[in-house]
Amino acid sequence: MSKVVKLKLIFMFLCLPFSASAQWFKHSFEVMGTMSHVEIWLNEPSSKLDSSDSDIEFDTNQNEQAQVLIKSVEQEMFRIDQQMSSYKEQSELSLVNREAANKAVPISVELFSLLSMAQHISEISDGAFDITYASIGYQYNFREKKRPKQSSIAKALPAINYTAVVLNKEQLTVHFNHQGMKIDLGGIAKGYAVKRCLSLLEKAGVKHALVSAGGDTGLLGNRYGRPWLVGVKHPRSEDKMAVHIPLENEAISTSGDYERYFIEDGVRYHHIINPTTGDSARKVVSVSVIGKDPTYVDALSTTIFVKGLKEGLSLINNLPEFEAIIIDNQRRLHYSKGLQQ
Ligand code: AMP
Ligand code: MG
């Protein structure tokens, strides 16, 4: 039986009705230039969450508890966006982009940790993941169908170089060793935001939750005794799914060339940039990475997309904590080792 057929059967089984005592609360909102979604499952109608380890205070009413939790998720997403967005002039990241080529800029512990994590992914991927892609990336505007000329790409290409981002752990500073260098956290910040939101829900005593931001989804527990079922979008058919994956306590991130793109002379220009060429990466059309840590799976899905099928599978198969589903240019599905049994 093919993998897809097996997953479809699992899907049919999972469609059985839920227990009548289950209470669920859902909310969708726009943040970070994408749609975010939160689902919280609260078990007993009269139960109080154990929030002793949390900053969040509850009323006894379950509906109010859910609304407080949902609000706190929304606020956390907006807080991270305010801090990490390269589109917001007042963000900490924009300050870094303005000043770090001239001097070492002191930054928050939080931004420092995320930049360190991004550096780590760059190192293990030989620079396929590189937040300095933004040195050219900012010249693309997919809504307005704008892309840089080959001459601008050639001029700015030396500024794509993660090794020129100098992080000083003692001083908590960042310095760019290259003029004209810019960074952008679009390939990792959504996963980080999902991770933070899940952890605040967990601290508040929630046992079953889903938080997503665009293609990044994090899951707390299961969906009342059954796995959550997360769909991987069909890359060329908006309302279809290519496959459904049953997951519990995991995160999944999908990077696709259909998210932000335009087509010119039959060529697709999209938002995932190959750091060695400054052009869109075109070896595959969709990559989903599954693992425990939402921040890592976010960065890794972008990474594997740039690497393509062969090198991408080889990288993920060397990382035992992560699995991947890759859709190639012929729309064939490929699975990493751990998903092949
Ligand atoms: P995702 O949707 O997680 O695959 O991330 C795509 C986003 O990552 C893009 O919109 C850019 O903000 C950013 N990005 C694009 N190319 C790269 C790259 N080679 N390395 C790191 N980030 C990238
Ligand atoms: Mg990603």
**OP:** Whenever you get a sec, line up Tyr296, Tyr138 from highest to lowest accessible area (probe 1.4 Å, protein heavy atoms).
**Re:** Tyr138, Tyr296
**OP:** Calculate one ³J(HN,Hα) per residue across the range 61-66 by plugging θ = phi - 60° into the Karplus curve 6.51 cos²θ - 1.76 cosθ + 1.60, and present them in order as whole Hz with x for glycine and proline.
**Re:** 5, 5, 4, 5, 4, 4
Original post:
Taking Cα pairs under 8 Å and at least six residues apart, what relative contact order does the range 288-341 come out at, in percent?
Top reply: 31 percent
Original post:
Among Lys71/Lys182; Lys71/Lys195; Lys146/Lys240, which pairs are too far apart, with a Cα-Cα distance over 22 Å?
Top reply: Lys71/Lys182; Lys146/Lys240
Original post:
chymotrypsin sites (Phe, Trp or Tyr not before Pro) within the range 205-287: which are DSSP loop residues with at most 16 other Cβ atoms inside 10 Å?
Top reply: Tyr224, Tyr258
**OP:** Work out the length of the dipole vector of the range 237-341 about its Cα centre, built from +1 on the beta-carbon of each Lys and Arg and -1 on the beta-carbon of each Asp and Glu, and round it to the nearest 20 debye.
**Re:** 360 debye
Subject >> Under the Karplus curve 6.51 cos²θ - 1.76 cosθ + 1.60, θ = phi - 60°, whole-Hz ³J(HN,Hα) for the range 28-40, x wherever Gly or Pro sits >> reply: 10, 7, 9, 7, 6, x, 8, 8, 10, 9, 10, 10, 10
Original post:
Between exposed trypsin sites (Lys or Arg not before Pro) in the chain, where DSSP calls loop and at most 11 other Cβ atoms lie within 10 Å, what's the longest gap?
Top reply: 1-102
**OP:** Could you please state, rounded to a whole Å, how far the C-alpha centre of the range 265-289 is from the C-alpha centre of the range 112-128?
**Re:** 19 Å
**OP:** Taking only protein heavy atoms into account and a 1.4 Å probe, give the accessible area per residue of the chain in Å².
**Re:** 49 Å²
Original post:
Rank Leu167, Leu247 by accessible area, highest first, at a 1.4 Å probe radius?
Top reply: Leu167, Leu247
**OP:** For Leu185, list long-range residues whose amide hydrogen, built 1.01 Å from N in the peptide plane, is under 5 Å from its own amide hydrogen.
**Re:** Ser86
Original post:
Amide H of Val31: which non-local residues (sequence gap of 5 or more, or other chain) have their own amide H closer than 5 Å, using H built in the peptide plane?
Top reply: Ser36
Original post:
Ignoring ligands, DNA and RNA, what percent of the 1.4 Å accessible area of the chain is carbon and sulfur?
Top reply: 50 percent
Subject >> Under 5 Å, built H, 5+ apart or other chain: amide partners of Arg223 >> reply: Trp228
Original post:
Taking a temperature of 4 °C and a viscosity of 1.567 mPa s, what whole-number D in µm²/s does Stokes-Einstein yield for the range 137-215 with Rh from Kirkwood over alpha carbon pairs?
Top reply: 80 µm²/s
**OP:** Count the net charge of all other residues whose Cβ sits under 15 Å from the Cβ of Leu315, scoring Lys and Arg as +1 and Asp and Glu as -1.
**Re:** -2
Original post:
List the GluC sites (Glu not before Pro) in the range 98-193 that DSSP assigns to loop (not H, G, I, E or B) and whose Cβ has at most 10 other Cβ atoms within 10 Å. Which are they?
Top reply: Glu144, Glu170
Original post:
Just from the alpha-carbon atoms, what are the Rg and Dmax of the chain in angstroms?
Top reply: 20.6, 65
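The values are calculated or read from the model by the stated rules, or taken from the named source; none is laboratory data. Here the structure is a predicted model, which means the values were calculated and not measured. Cβ coordinates were reconstructed from backbone atoms using ideal geometry, including for glycine residues, and neighbour counts include every protein chain displayed. Each accessible area value is taken on the protein alone, full model and side chains, heavy atoms only, with ligands, DNA and RNA left out. Shrake-Rupley method; radii C 1.70, N 1.55, O 1.52, S 1.80 Å.
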